Structures are given as structure tokens and as C-alpha cells.
1. From the backbone phi of region 42-48, what are the Karplus-calculated ³J(HN,Hα) couplings (6.51 cos²θ - 1.76 cosθ + 1.60, θ = phi - 60°) in whole Hz, Gly and Pro given as x?
2. Which whole-number value in Å³ per residue fits the convex hull of the alpha carbons of the chain?
3. Note the full-extension length gain between GLN59 and GLN76 as 0.36 nm times their separation in residues minus their Cα-Cα distance, in nm to one decimal.
4. From the phi of every residue in region 23-30, what ³J(HN,Hα) in whole Hz does the Karplus formula 6.51 cos²θ - 1.76 cosθ + 1.60 yield, where θ is phi - 60° and glycine or proline is x?
5. Report the label-to-label distance for TYR17 and GLU31 in nanometres (one decimal), using points 7 Å from each Cα along the Cα→Cβ vector.
6. Cβ under 12 Å from GLY14's Cβ, GLY14 left aside: what net charge do those residues give with Lys, Arg +1 and Asp, Glu -1?
7. Whose amide H sits under 5 Å from the amide H of ILE65, counting only residues 5 or more places off or on another chain, with H placed in the peptide plane?
8. If I build a Gaussian network model for the chain, linking alpha-carbon pairs within less than 10 angstrom, which residue out of LEU11, LEU45, LEU30 has the largest mean-square fluctuation?
Amino acid sequence: MLVRLLIFALLVWGAYYLVKKMIGAYRDYLEPRQDQNGSVSETELIRDPQCGAYFMKQQGVKAVIDGRVVYFCSEQCHERYRQSRGVK
Ligand SMILES: [Zn+2]
């Protein structure tokens, strides 16, 4: 009798855990959290990996390098960075 109760409790807990996980995944799908994929807001200050200057993301030059989104303060820095890394 007690074993049955234990199994039942385990099943209920398992179902509850699954539902909770699904709701969490659904929420993330509806409103993805900013910090999860490392993205920054439009007005956040970010650093140019080429010259080290800080600038606002919305004023930067966006580029995808090795599958990663990188922002530069200017097109010149973008070009220099690509050349220094041998990216054509
Ligand atoms: Zn720069």
C-alpha cells in the first residue's frame, strides 16, 4: 500500500516537473530573454574589438564573423578586423 502511494507520488511529481518545464520553454519562446543569447539592447555601449573604442550599438557597423555577430565603430575597423583575421 505504501509502495503504491510512493509510486503515485513519484508520477505526480514527474508530471508536475514536465509541465513546469514545458511552461518555461513556452515562455522563453514567447518572450526570449535578452541575456540568454548574449544580445544587447540598441542603446547599450559596446566595445569595438578592433580599435577598442566604445560606441552605441545602434551607431555601429554590424558584421557576422565566424557565425558570430560583431559590431564595429566604423566600416574601416570592420575591414581591418576582417583582414587581420584573414576573413574575405
Ligand atoms: Zn573602431
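What follows draws every value from the coordinates through simple rules; no lab data is involved. Quick caveat, the model's predicted, so the values are computed rather than measured. Neighbour counts run over all protein chains shown; Cβ positions are idealised from the backbone, glycine included.
1. 4, 9, 6, 7, 10, 9, 6
2. Once divided by residue count, the hull of the chain is 146 Å³.
3. Numbers: separation 17, 0.36 × 17 = 6.12 nm, distance 1.40 nm.
Length gained, GLN59 through GLN76: 4.7 nm.
4. Result, ordered by residue: 5, x, 5, 5, 4, 4, 5, 5 Hz.
5. 2.8 nm
6. On the way: positive: LYS20, LYS21; negative: none.
Net local charge, GLY14 excluded: +2.
7. Distant-sequence amide H within range of ILE65: VAL70.
8. Looking only at LEU11, LEU45, LEU30, the biggest GNM fluctuation is shown by LEU11.
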